[in-house]
Structures are given as C-alpha cells and as structure tokens.
1. How large is Rg over Rh for region 17-104, taking Rg from the Cα atoms and Rh as the Kirkwood inverse mean of 1/r across Cα pairs?
2. Averaging sequence separations of C-alpha pairs under 8 Å and six or more residues apart, then dividing by the length of the chain, give the relative contact order as a whole percent.
3. Work out which helices of the chain, taken as complete DSSP H runs, extend at least 15 Å along their axis over the Cα atoms and score a mean Kyte-Doolittle of -1.0 or more, then list them.
4. With the calculation restricted to Cα positions, what are the radius of gyration and Dmax of the chain in angstrom?
5. With a 1.4 Å probe and all protein chains left in place, how much of the accessible area of region 1-77 comes from carbon and sulfur atoms, in whole percent?
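The values are calculated or read from the model by the stated rules, or taken from the named source; none is laboratory data. Computed from a prediction, not measured in an experiment: that's the story for all the values here. For accessibility, only protein heavy atoms count, side chains too; no ligands or nucleic acids. Shrake-Rupley method; radii C 1.70, N 1.55, O 1.52, S 1.80 Å.
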Amino acid sequence: MKVGFIGLGNVGGKLANSLLRNKFDLTVKDLDQNLTKPFYDLGAKVVNSAKELAEQVDLIITCLPSPEICAEVMEGNNGILSGISKNKIWLEMSTTDESEVKRLGKLIIKKGAIPLDGPVSGGCHRAATGNIAIFVGGERKAFEKILPILTVMGKKILHTGELGSASVLKVITNYLAS
C-alpha cells in the first residue's frame, strides 16, 4: 500500500519517519521544504501539492496544526479533495473536533473514498519511538486494512466506532489526564 503523509511537524514528522523506517512506500508533503528534504534523502517521494499526493497513494494521512489548516489542505486549490478518488482512505491524525472531521468526511465520501479520524495520544517522545496510542474512528473494514500501517506508528491502537468518535475520545482522555 502506498502511503502519503501531509504535515511533517513535531508529531507528524516522527510518525512519518516510523513509516519510512519500516520500509513503507512513502510520499510526503509539507510547506517547509527543510522538513521534506531528510525524507527525500532517505527514499521518500516528495510532491508539490496535496492533490498530487492524493492522486499517487492509497492512504492519505494528514497531521496538521489546526482544523483550519486541515480544511485548507483538503478543500483548497490543489487540495486532497481535488485528487482523491474511489476506495482511497483519508486518515486525519491531527487533533481536531468531531464536527469538522465529519464535515470533511462527507466530502471524502462524495468522492467514493473512505474517511477515518485517528488522533494520537502520548506526546512527541512516544511518537518518535512508535509507542504512541492511536484512536481510530470510521469504517471498521478500512481500519483493518490500514492496521499494519498503524502498528508501526503506535503501540496501542483502538477502533472507537463511527467517524468522529476518536476525536471525542481524545478530548475526553486529555481532560481526564490533566
């Protein structure tokens, strides 16, 4: 399975590195070319747009700093929605809210693709070692299809139910842990 990763910041870069380290066919995109260069040097493909990435891979992962930025990457010019097609999977790993991931999920479904939300919990240090917890909401069959990919990024993987449920669970666990 070809994997695309958009957002190579604090957590995203570490998660994407786990995929590369475990020999997945990886394509990356980030606005900061200083973040994409090390991935390129280690064998990942680098693309110029989210659309291009979505056209070339089977699984599109976004890990971005805010719901607003994710919406722009999804819906903007040359965004994911302009490149995604039938049976591809979008996994939103950013910390977002339930209503936004469901809104974007409906747009993904209209394209014949499958949306999942998969926020992580555990911090950057755990993300670097593949020891992070990942909650995943959405279609169970799609979750099972990408499970081998999830298990190299995280140690505790939990399917939480319908799309948006993982984002809700992340907020609750963060609240209880504080």
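1. 0.95
2. Working: 394 pairs, mean separation 33.8, N = 178.
With pairs under 8 Å counted, the relative contact order is 19 percent.
3. What comes out of the filter, once short or polar helices are dropped, is 98-110, 140-153, 165-177.
4. Cα only, the chain: 14.5, 41 Å (Rg, Dmax).
5. Values: 1860 of 3810 Å².
Result for region 1-77: 49 percent of the exposed heavy-atom area is carbon or sulfur.
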